[in-house]
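Input: a single structure, listed below in structure tokens.
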Amino acid sequence: MVRDALTAERLGALPASEAAALFVARRADGLTDSERILFETWLARDEHRRALERAERAWRSFEAAEGDEILDAMRRHALAGRPKVWADWRRMAAMAASLVLVVAGAGFYLASGPGHRAPVSAPAIQYASARGEVRQIRLPDGGGMTLDADSAAVVRFAADRRSVQLTRGRAFFAVVHDPSRPFEVAALGRRVVAVGTRFDVNLAAGALTVTLEEGRLKVASADNAAAPVILVAGEQLVERSGKHTVRAIGERTANAIAWRTGLVSFDDQPLAEAAAVMNRYSRDQIVIADPAVASMRVSGQFRAGQADRFAQTLAELYGLKPVRRANQIKLVRGG
């Protein structure tokens, strides 16, 4: 493993909690002789020893959590977050320290133990994907969440409920059947409730799209002010500007969720939404400033990560002109 050299100056620049967490994380991979001497010197101060004790307790909590679905998932997430190349020592220190913070946030849970779950708010596990990265995530109950590129979600599982807040982007869910614990996804002021099913939730340019592949779903407002909408397999709910429509898409459901295999499909969607989705996969970003261009409707299937080709295709179809500046491709009306 390649990792950046740690010096006394760099270690001294870190808060005690981050330095201690970094020490615990690096020790798990094996310390070099110079690192061992450096940390022994750093531990001469009482406050540093106390910080190390806290970091070690946090790490042991993860190691001792086997058999508990919530803490197992938290441990997997924390360990998976450790990069294979340690090029950014400040970022690694912060990531290591976040392990301590996650455990601290679940302190109420650890205090009572897995057999005595307190009826308080569930610990939150935060997931995010980088631009161009699609992540396969195992949820605490064994179900699955596929997080689209440039997306983020917060997962909270408790003894009586399972919830996910999609804060950005898109996710596909394969829900484990458990009538005693409904599975709920919150997005754009809506609650999507399932027991055991497979569905997709997408946030793009202020619009919400829910696509149901299998089972049944209830889509309700967060405040329950309106009657919920019930979806059956092969149906899709689209909400824009506070108004929703439900349509049967049947066999086209497979196209709607094909992004998991690198193919992005659009079915009569505004160009603004399509561009927002394509921007998840590429360093090149499509920019649309003209409302008339943003409202043009797009249908078709495109390869994820090929923003340039996507822009060129639309330019040819609609008489637009792609104007490139650095990593931005601006679509304007042709003149």
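The values are calculated or read from the model by the stated rules, or taken from the named source; none is laboratory data. The shown structure was predicted, so the numbers you read here are calculated from the model rather than taken from an experiment. Glycine also receives a Cβ, built like all others from the backbone with ideal geometry; neighbour counts cover every protein chain displayed.
Where strands (runs of 3 or more DSSP E) sit wholly within region 149-223, those with at least 3 residues that are surrounded by 16 or more Cβ atoms within 10 Å (Cβ to Cβ) and among the β-branched types (Val, Ile, Thr) occupy 207-214.
Residues that are in contact (Cβ under 8 Å) with a residue 24 or more places away in the chain and either small (Gly, Ala, Ser) or in contact with a Cys (Cβ under 6 Å, 6 or more places away or on another chain) (or both): does region 177-187 have at least one? Yes; the residues of region 177-187 include at least one that is in contact (Cβ under 8 Å) with a residue 24 or more places away in the chain and either small (Gly, Ala, Ser) or in contact with a Cys (Cβ under 6 Å, 6 or more places away or on another chain) (or both). Just one of the numbered conditions (1) buried (at least 16 other Cβ atoms within 10 Å of the Cβ); (2) assigned to a helix (DSSP H, G or I); (3) more than 21 Å from the chain's Cα centre (by Cα); (4) not polar (S, T, N, Q) is not true of residue 231; which one? Here residue 231 clears every test but (2). Restricting 131, 117 to those that are part of a loop (DSSP other than H, G, I, E, B), modelled with pLDDT under 85 and either out of contact with any Pro (no Cβ under 7 Å at 6 or more places or on another chain) or within 30 Å of residue 261 (Cβ to Cβ) (or both) reduces the list to 117. Here the condition is being surrounded by 14 or more Cβ atoms within 10 Å (Cβ to Cβ), among the aromatic types (Phe, Trp, Tyr), within 30 Å of residue 183 (Cα to Cα) and not assigned by TED's automatic domain parsing to the domain that holds residue 189; of 318, 281, it holds for 281 alone.
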